[in-house]
Amino acid sequence: MSPIHAIARRARRPLLVLATVLAGAVLLAAGSALLRGRLAETLANRKLVLSTLQSELAQRQLDLNNIQLHIEQFRALKQRGLVGEADREGWVEQLVAVGKQLWPDGGTLSYTLEPPQALTDAATAEAYSSASSVAPLRHDLRIDLQNVHEDELLTLLQRYAREVKGSFRVEGCHLDNPGPTGLYASCTLRFFTLPEGKAS
């Protein structure tokens with residue numbers, strides 16, 4: 001047997017072990033690269049999710065700051081009767097009460113409260129057509145008085161404006177038939193309200 005064959009026979013086992021180790025190292029390197037790629041992809045996805053959550057949190061913080069900034073104004077508007085359900089019955093009761101203060105015998109005060117009308121036109125009607133939006137409303141309260149003097153009419157309107165829960169403007173007054181006992185007055189008071197939207 002030649003020395004080369006003898007060396008090859010003796011080296012066969014270590015060479016097989018070396019080949020096995022090299023093959024294992026190659027597989028381990030390939031597996032590590034694959035695992036590293038998957039971990040990098042998972043990390044990138046989690047960073048993206050974290051970035052999205054941080055953006056949402058920042059937007060919600062802005063919304064919260066905006067709410068806190070305007071909550072007192074909203075409460076003041078609600079207290080004045082501009083926001084929320086219209087207190088139509090209260091408007092009439094307060095008008096009658098002020099009338100009785102001025103004319104204990106009842107006077108000639110009469111009134112008509114028209115049904116509420118949406119304050120929309122062709123340009124704004126579509127904006128309020130969605131379920132989440134509510135249109136502001138106007139409510140016309142017409143008052144009629146016989147044998148009243150101008151200063152009594154002004155006193156009635158001023159006192160009513162101070163005491164009623166709601167905001168109105170005098171849309172117009174028609175004065176007619178002046179005489180020694182006073183004149184006929186018909187005024188339209190227009191209230192405005194904004195119903196609260198339904199929570200979604």
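Checking [x] 41.6, 153; [y] 16.6, 48; [z] 17.7, 53 against Rg and Dmax of the Cα atoms in Å calculated from these atoms, the matching label is [x]. The C-alpha atoms of the chain define a longest principal axis, and helix 150-163 lies at about 30 degrees to it. The antiparallel fraction among DSSP beta bridges confined to the chain stands at about 95%.
Along each principal axis, taking the top coordinate minus the bottom one, the Cα set of region 88-193 gives 55, 25, 18 Å in descending order. The angle separating the long axis of helix 3-79 from the principal Cα axis of greatest extent in the chain is about 10 degrees.
Readers should treat all values here as calculations from the given coordinates under stated rules, not as data from a laboratory. This structure is a prediction, so every number in the text was calculated from the model and none was measured.
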